[in-house]
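Notes follow once the structure below has been shown.
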């Protein structure tokens, strides 16, 4: 799994490539930990190149959402592929996490226009 | 002469680049179409499986755990990557046959009559019928596990009463993953067993209900299984509190 972070007008955009699974989710947890340390309050996860996510991967997203709640931060997700959609549906994550089709749409929501 | 040859060469080169561009564009288009088909195929598999799940219980995290538990067992057994991939995508479809079992029986909270129990058992053969004649490797695995995930190592399972290695490996793997998950999940008619308690119950059934090699593989990965179990608990409680 590869992770890269780009800051765009106060939003930390996290690009993830590969599988977020039991073996790789700790890498993601580390990056998320850094977001919390520097008090990032606007985080966007771009899932364009995520091939698979397992239960540990989803739990890692939950962990970040919990931490963000404490600092009044927000996390959105975008570019979720069709094959990963159902996983977010069956775990009901799509009810607690806003998922946008494109990065632009998510950023517009962050910027409030 | 020389000038004409050079001009011909230039024309040939430019035609070549033109063709190359056409080939590249066509390839890109085909690849995009292929990726879209592959994507929607994977999506439909999960949605299809989910339909069966909605009939049976309130939460779909069972499907995620089944995929994750069976992946862990397959890895511990050192199965080829391809098989692990098939199992991961096919495992959520093991109960697809429940789609055709009447709700009145499936959702009955009190005990089933012997006749009703026989009807429930049919979800295995009906499930495998759904995939009859498929040429897709994933759906072939789905067919196999639909049919055999209720067989028992000692031959007392259903629908065929297969024994030991007569039961396909994928079926033996899902049998354990499915039972372990049922043990650790609360149902309308029973409380959930704790993680360690359920592990002990699986150990106890080694050689009777389950293939001892698969029990060993499962136990080898016990801490990772615990991580999966805990992860889905965390997801469920987070979603419920929101």
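Rounded to whole Å and sorted largest first, list the principal axis extents of the Cα atoms in the range A:42-93.
32, 19, 15
Which percent of the Cα-Cα distances in the protein assembly as shown go past 31 Å?
Roughly 43 percent, rounded to a whole number.
Explain nothing, just the number: relative contact order of chain B, from Cα pairs under 8 Å at least 6 residues apart, as a whole percent.
17 percent
Report the Cα centroid-to-centroid distance between the range B:101-116 and the range B:11-35 in angstrom, as an integer.
Taking the Cα centre of each part, the range B:101-116 and the range B:11-35 sit 59 Å apart.
Restricting attention to the alpha-carbon atoms of the range A:1-61, what are Rg (one decimal) and Dmax (integer), both in Å?
Cα radius of gyration and Dmax of the range A:1-61 are 11.1, 32 Å respectively.
Relative to the longest principal axis of chain B, what angle (0 to 90°, nearest 10) does the C-alpha long axis of helix B:137-148 take?
So the helix axis and the longest Cα principal axis differ by about 10 degrees.
Evaluate the relative contact order of the range B:102-232 (contact order divided by residue number), counting alpha-carbon pairs under 8 angstrom at least 6 apart; express in whole percent.
RCO, the range B:102-232: 17 percent.
With a cut-off of 8 Å between alpha carbons and a minimum separation of six or more residues, what is the relative contact order of chain A in percent?
25 percent
Averaged over its residues, how many other protein chain Cβ atoms are within 10 Å of peptide B:230-239's Cβ atoms?
For peptide B:230-239, the averaged partner shielding equals 6.
Per residue of A:86-95, count partner chain C-beta atoms within 10 Å of its C-beta, then hand back the mean as an integer.
6
In a Gaussian network model over chain B where Cα atoms closer than 10 Å are linked, find which of B:144, B:169, B:30 has the largest mean-square fluctuation.
Of B:144, B:169, B:30, the most mobile in the Gaussian network model is B:30.
What is the ratio of the Cα radius of gyration of the range B:1-126 to 2.2 N^0.38 Å, where N is its residue count, to two decimals?
Normalised Cα radius of gyration, the range B:1-126: 1.95.
Looking at chain A as a GNM with Cα springs under 10 Å, which of A:58, A:43, A:90 has the largest mean-square fluctuation?
Looking only at A:58, A:43, A:90, the largest GNM fluctuation is found for A:90.
Rounded to the nearest 10 degrees, what's the angle between the helix B:81-90 long axis and the longest principal axis of chain B, both from Cα atoms, 0 to 90?
Approximately 60 degrees, to the nearest ten.
At what distance in angstrom do the alpha carbon centres of the range B:197-234 and the range A:33-77 lie from each other?
With the range B:197-234 and the range A:33-77 each reduced to a Cα centre, they are spaced 30 Å.
Over all residues in B:63-72, what is the mean tally of Cβ atoms on other chains that come within 10 Å of each residue's Cβ?
Taking the mean over all residues of the peptide, I get 3.
Gaussian network model of chain A, Cα springs within a sub-10 Å range: biggest mean-square fluctuation belongs to which of A:77, A:56, A:44?
A:56
Kindly provide log₁₀ I(q)/I(0) values, in the same order as q = 0.16, 0.23 Å⁻¹, from the Debye equation applied to equal alpha-carbon scatterers of chain A.
Once normalised to I(0) and log-transformed, intensities are -0.67, -1.54.
So how do B:36, A:70 line up by other beta-carbon neighbours within 10 Å, fewest first?
Exposure proxy ranking, most exposed first: A:70, B:36.
Quick check on chain B: what are the equivalent-ellipsoid semi-axes from the Cα gyration tensor, as sqrt(5λ), descending, whole Å?
47, 20, 19
Rule-based calculations on the coordinates, nothing more; no lab input. Everything numeric here is computed off the predicted structure, so don't read it as measured data. Note that we place each Cβ from the backbone using ideal geometry, even for glycine, and neighbour counts take in every protein chain shown.
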